[in-house]
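Notes to accompany the following structure.
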Amino acid sequence: MSVLLEATGISKRFGGVEALKEVSLTIEQGEIYGLIGPNGAGKTTFFNVLTGLSGADSGHFHFAGRPLDISAPHLVAAAGIARTFQNIRLFANMSALENVMVGRHLRTRAGVVGAVLRNAATRSEEAGIARRALELLHYVGISERGNDLARHLSYGDQRRLEIARALATEPKLLALDEPAAGMNATETGALRQLIEGLRGDGLTVLLIEHDVKLVMGLCDRVAVLDYGEKIIEDVPAKVRRDPKVIEAYLGGTVV
Amino acid sequence: MSVPKRNVRLGIALIAVVLSALPFAVGLGMGNAWVRVLDFALLYIMLALGLNIVVGFAGLLDLGYIAFYAIGAYLYALLASPHFGLHWPAWAVLPLGALVAGLFGILLGAPTLRLRGDYLAIVTLGFGEIIRIFLNNLNSPVNITNGPQGIARIDPIRVFGVPLSKPLEIFGVHLPGVYLYYYLFVLLALGIIFVTVRLEDSRIGRAWVAIREDEIAAKACGINTRNVKLLAFAMGASFGGVAGGLFAGFQEFVSPESFSLMESVMVLCMVVLGGMGHVPGVVLGGLLLAVLPEALRHGAGPVQQMLFGRVLLDPESLRILLFGLALILVMQYRPAGLWPSATRRREFSKPGP
Ligand SMILES: Nc1ncnc2c1ncn2[C@@H]1O[C@H](COP(=O)(O)OP(=O)(O)OP(=O)(O)O)[C@@H](O)[C@H]1O
Ligand SMILES: [Mg+2]
């Protein structure tokens with residue numbers, strides 16, 4: 001197996017809070033990698049730093065064989081990292097289909113001139129965008145909601161739509177921030193199938209999740225953050241029995 | 001919902017007939033002063049469409065938009081008037097005005113990229129005023145803009161050598177200057193509508209709306225928000241630049257007072273009242289807000305005379321008063337604007353299922 005993402009010594013401080021302390025981790029090509037930890041451990045901060053939304057104080061990333069430029073989010077997306085957000089961020093007043101079409105922005109070209117002339121190249125590109133977006137809606141199982149505004153979708157469907165939009169950017173690594181949050185058991189089960197399907201299609205997944213059953217069942221390897229520090233990185237079976245992890249989760253009843 | 005091609009053709013033909021006949025109907029029915037009002041309405045429609053790209057599509061509240069109108073107007077004035085003795089043709093100056101205004105759009109947009117909402121509004125307001133103040137004061141030590149006196153005796157717009165300012169006789173039909181300008185402005189307004197509609201339904205248009213909806217998500221989706229925002233500023237400004245050039249050629253006079261903050265506010269009201277982000281709504285907003293105040297200005301005096309035997313409120317203050325009232329009423333009862341897009345109407349209604 002080859003390494004897809006390597007994070008080295010990532011630190012991030014918010015005033016007095018050390019949200020990330022020298023976090024290093026490696027994610028292998030094709031695996032589902034879990035990132036867990038108590039509330040406020042720094043998981044989302046790690047995503048924000050990785051995706052260029054929030055600058056790191058120190059440390060660097062290596063992605064797909066080259067250094068990753070995290071100075072702007074669109075560069076990270078172009079390099080092949082897509083993400084979803086813990087507190088769902090959709091384009092609320094665009095249709096579900098349009099949301100996914102926006103995800104194709106990066107991989108398409110048409111500019112002002114093309115848009116105004118609507119020449120053959122632009123028309124075929126637009127058709128391709130719409131076709132791919134529809135495929136992705138289908139893939140995540142909400143194709144019948146394509147024309148609905150994103151804000152009118154159910155919570156579970158919004159999470160799926162966010163995944164479809166992220167997939168539209170053609171990522172090598174998909175980073176999901178608590179995708180099962182707020183989902184009922186049925187929805188979570190379907191989500192699990194979806195993520196397994198993604199891995200089956202060759203995608204690498206970085207997963208933040210509080211649903212321990214989901215993480216332990218799904219992930220190939222898991223890292224635990226606690227107060228901004230990585231305390232362990234191992235297969236789920238080892239992680240759940242590790243005393244440091246049990247202590248981090250207050251008495252060990254959770255894991 | 002697909003409309004048969006035949007009906008589309010019929011619709012286009014109908015619109016063409018109405019637009020061609022309009023100046024005659026208005027001119028013969030109400031006098032040529034009203035055709036002039038119509039000409040100004042068309043300029044305002046172009047401005048509103050330009051501002052709509054920035055405010056309506058990309059969601060960037062710009063209170064200094066009139067600056068681009070000013071830049072287009074002054075560029076025309078400087079390049080086609082006795083002021084510098086230059087007499088460039090309109091077909092060269094108008095596109096140049098679009099280009100220069102577009103560049104200024106980028107220049108003034110760049111420092112505001114990190115700002116949103118109120119902060120953006122205040123900074124753009126400042127920029128708008130700075131441009132106006134420059135125009136007011138660039139008459140010494142070197143006289144560029146002729147200061148508050150403005151620039152007069154600007155060349156009228158010529159099409160194929162024919163000045164639009166002079167009446168024209170075609171096949172026995174008498175066309176006064178205001179009619180000729182009307183036809184030119186209609187054509188250009190239609191062109192701007194066409195460009196806007198095409199842009200709206202494109203990769204670029206979707207990126208603008210995505211930024212309006214959630215800038216962070218747009219970034220994470222791989223949109224280079226800096227470039228896409230600057231593009232919105234540039235496109236919007238270029239429409240303003242064209243309208244400004246037309247204004248200068250039409251009026252044959254420009255001075256800084258035509259480009260006050262109140263004008264920016266007016267254009268913003270056209271966008272918001274009409275229906276932000278919805279092209280037909282914005283056109284309606286531009287038309288209404290350009291025509292209604294004139295109607296009031298002309299109608300308020302005589303109506304009061306008739307009702308009370310004398311003029312109680314001077315028409316100018318009444319105009320502002322009613323304008324404010326209309327604003328409040330629309331915002332209260334139609335917060336998405338008079339003619340919002342279907343999406344936006346839902347946006348302001350109760351959440352759906
Ligand atoms: N923008 C910010 N400004 C200040 N402090 C922040 C900011 N973002 C995060 N923090 C702090 O950094 C720490 C890590 O937060 P983070 O959101 O990464 O935690 P998390 O592991 O995602 O938690 P949760 O499971 O609750 O989502 C917290 O103490 C948080 O309060
Ligand atoms: Mg979090």
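Determine the calculated [θ] at 222 nm for chain A from helices alone, applying -39500 (n - 2.57) to every DSSP H run no shorter than 4 residues and normalising by the residue count; nearest 500 deg cm²/dmol. Could the numbers behind the result be given before it?
On the way: 10 runs with 98 residues, N = 255.
When only DSSP H runs of four or more count, the value is -11000 deg cm²/dmol.
How many angstrom lie between the C-alpha centres of the stretch A:27-92 and the stretch A:201-237?
Centre-to-centre (Cα) distance: 15 Å.
Any residues in the stretch A:147-168 that have 30 Å² or more less accessible area with all protein chains than in their chain alone, probe 1.4 Å, and which are they?
Buried by the other chains: A:L149, A:R151, A:H152.
Assuming 0.36 nm per residue, please report the length gained on full extension of the stretch B:R226 to B:I122 beyond their Cα-Cα distance.
Details: separation 104, 0.36 × 104 = 37.44 nm, distance 1.95 nm.
Using 0.36 nm per residue and subtracting the Cα-Cα distance, I get 35.5 nm.
Report B:M30's accessible area, 1.4 Å probe, all protein chains in place, as a number in Å² to the nearest 10.
Probe radius 1.4 Å; accessible area of B:M30 about 110 Å².
Lys and Arg at +1, Asp and Glu at -1: add these up for the other residues within a Cβ distance under 14 Å of A:L4 and post the number. Don't skip to the answer; put the middle values down first.
On the way: positive: A:R66, A:K172, A:R199, A:R221; negative: A:E6, A:E28, A:E31, A:D220.
Within the 14 Å Cβ shell, the charges total 0.
With a 1.4 Å probe, what is the total accessible area buried between chains B and A, in Å² rounded to the nearest 100?
Rounded to the nearest hundred, the buried surface is 3000 Å².
Going by accessible area, probe 1.4 Å, with all protein chains left in place, what is the ranking of B:M46, B:M276, B:M262, largest first? Could the numbers behind the result be given before it?
Numbers: B:M46 0, B:M276 45, B:M262 100 Å².
From most exposed to least exposed: B:M262, B:M276, B:M46.
What share of the DSSP beta bridges in chain A is antiparallel, in percent to the nearest 5? Please report the intermediate quantities before stating the final value.
Working: 21 of 37 bridges.
Of the beta bridges lying entirely in chain A, close to 55 percent run antiparallel.
Largest first, what is the accessible-area ranking of B:S255, B:S317 with a 1.4 Å probe? Before the final figure, lay out each step's value.
Working: B:S255 5, B:S317 55 Å².
From most exposed to least exposed: B:S317, B:S255.
Rank by packing, highest mean first: peptides A:204-217, A:151-164, with packing defined as the count of other Cβ atoms within 10 Å averaged across residues.
Numbers: A:204-217: 19.6, A:151-164: 21.5.
Put in order of decreasing packing, that is A:151-164, A:204-217.
Accessible area of B:L103, 1.4 Å probe, to the nearest 10 Å²?
Here the accessible area works out near 100 Å².
If the only charges are +1 at each Lys and Arg Cβ and -1 at each Asp and Glu Cβ, what is the size of the charge dipole of the protein assembly as shown around the Cα centre, to the nearest 20 debye? It would help to have the intermediate numbers written out before the result.
Values: 54 positive and 48 negative charges, 211 e Å.
In debye, rounded to 20, the protein assembly as shown gives about 1020.
Which percent of the accessible heavy-atom area of the stretch B:33-275 goes to carbon and sulfur, probe 1.4 angstrom?
Numbers: 6340 of 9180 Å².
The computed percentage sits at 69.
Leaving ligands, DNA and RNA out of it, work out the accessible area of B:D201 with a 1.4 Å probe and give it in Å² to the nearest 10.
90 Å²
Using the per-residue mean of other Cβ atoms lying within 10 Å as a proxy for protection, in what order, highest first, do the peptides B:229-242, A:84-97 fall?
Working: B:229-242: 27.2, A:84-97: 20.9.
Answer by packing, highest mean first, reads B:229-242, A:84-97.
What average count of beta carbons from other chains do you get within 10 Å of the Cβ of residues in B:220-233?
Values: counts 21, 18, 20, 7, 8, 3, 2, 1, 2, 0, 0, 2, 0, 0.
Average neighbour count from other chains, rounded to a whole number: 6.
Cross-link list A:K21/A:K213; A:K172/B:K229; A:K12/A:K230; A:K12/B:K229; A:K43/A:K238; A:K12/A:K43: which exceed 18 angstrom alpha carbon to alpha carbon?
Working: A:K21/A:K213 27 Å; A:K172/B:K229 28 Å; A:K12/A:K230 13 Å; A:K12/B:K229 29 Å; A:K43/A:K238 20 Å; A:K12/A:K43 11 Å.
Correct reply: A:K21/A:K213; A:K172/B:K229; A:K12/B:K229; A:K43/A:K238.
Give me the percent of accessible area attributable to carbon and sulfur for chain A, probe 1.4 angstrom. The partial results should precede the final answer.
On the way: 5420 of 10630 Å².
Here it works out to 51 percent.
Between B:A210, A:I36, A:S95, whose Cα lies farthest towards the positive end of the dipole of the protein assembly as shown when Lys and Arg beta carbons carry +1 and Asp and Glu beta carbons carry -1, centred on the Cα centre?
A:S95
Taking a probe of 1.4 Å, how large is the accessible area per residue of the protein assembly as shown, in Å²?
On the way: 27330 Å² over 608 residues.
For the protein assembly as shown, the per-residue accessible area is 45 Å².
State, to one decimal in nm, how far the label point of B:A92 lies from the label point of B:L115, with both points 7 Å from Cα in the Cβ direction.
About 3.7 nm, to one decimal.
Name the long-range amide H neighbours of B:I144: under 5 Å, sequence gap of 5 or more, or other chain; modelled H, no Pro or chain starts.
For B:I144, the qualifying residues are B:N139.
Obtain the nm distance between the two label points defined at A:E28 and A:S2 by a simple spin-label model: each point lies 7 Å from its Cα along the Cα-to-C-beta direction.
Modelled inter-label distance: 1.5 nm.
In nanometres, what is the gap between the two model label sites at A:S71 and A:R107, each 7 Å from Cα along Cα-to-Cβ?
2.7 nm
Need the per-residue list for the stretch A:54-87: every residue with at least 10 Å² less accessible surface in the complex of protein chains than in the chain by itself, probe 1.4 Å, sorted by number.
Flagged in the stretch A:54-87: A:P73, A:H74, A:A77, A:R83, A:F85.
What do you reckon, how do A:F63, B:F84, B:F134 stack up by accessible area (1.4 Å probe), largest on top?
Highest to lowest solvent-accessible surface, that is B:F134, B:F84, A:F63.
With r as the distance between the Cβ atoms of A:A120 and B:A13 and R0 = 30 Å, compute the FRET efficiency 1/(1 + (r/R0)^6) and round to 0.05. Each step should come with its number before you reach the end.
Values: r = 28 Å, r/R0 = 0.92.
So the FRET efficiency works out to roughly 0.65.
Before anything else, pin down the relative contact order of chain A: Cα pairs under 8 Å, at least 6 apart, normalised by residue count, whole percent.
Numbers: 479 pairs, mean separation 66.7, N = 255.
Taking the mean separation of contacting Cα pairs over the length of chain A, I get 26 percent.
Taking every residue in B:193-203, how many Cβ atoms of other protein chains lie within 10 Å of its Cβ, on average? Can you show the working numbers first?
On the way: counts 0, 1, 3, 1, 1, 7, 3, 1, 3, 11, 15.
For this peptide, the per-residue mean of nearby foreign Cβ atoms is 4.
What net charge is computed for the residues neighbouring B:H87, neighbours being all others with C-beta under 14 Å from the C-beta of B:H87, Lys and Arg scored +1, Asp and Glu -1? Walk me through the numbers before you get to the answer.
Working: positive: B:R153, B:R158; negative: B:D155, B:E252.
Around B:H87, the charge tally is 0.
In whole percent, what relative contact order does chain B give with Cα contacts below 8 Å and a gap of six or more residues?
29 percent
Taking 56 Å as R0, compute the FRET efficiency from the Cβ-Cβ separation of B:Y333 and B:A152 and round it to 0.05.
Details: r = 45 Å, r/R0 = 0.80.
Efficiency at R0 = 56 Å is approximately 0.80.
When you count, for each residue, the other Cβ atoms within 10 Å and take the mean per peptide, how do B:299-307, B:72-80 rank with the highest first? Don't jump to the answer; show the numbers that get you there.
Working: B:299-307: 13.3, B:72-80: 27.2.
Highest to lowest by the protection proxy: B:72-80, B:299-307.
The values are calculated or read from the model by the stated rules, or taken from the named source; none is laboratory data. Nothing here was measured: the structure is a model prediction, and the numbers come from that model. Neighbour counts run over all protein chains shown; Cβ positions are idealised from the backbone, glycine included. When the accessible area is computed, the model is the full protein with side chains, heavy atoms only, and any ligands, DNA or RNA have been set aside. Shrake-Rupley method; radii C 1.70, N 1.55, O 1.52, S 1.80 Å.
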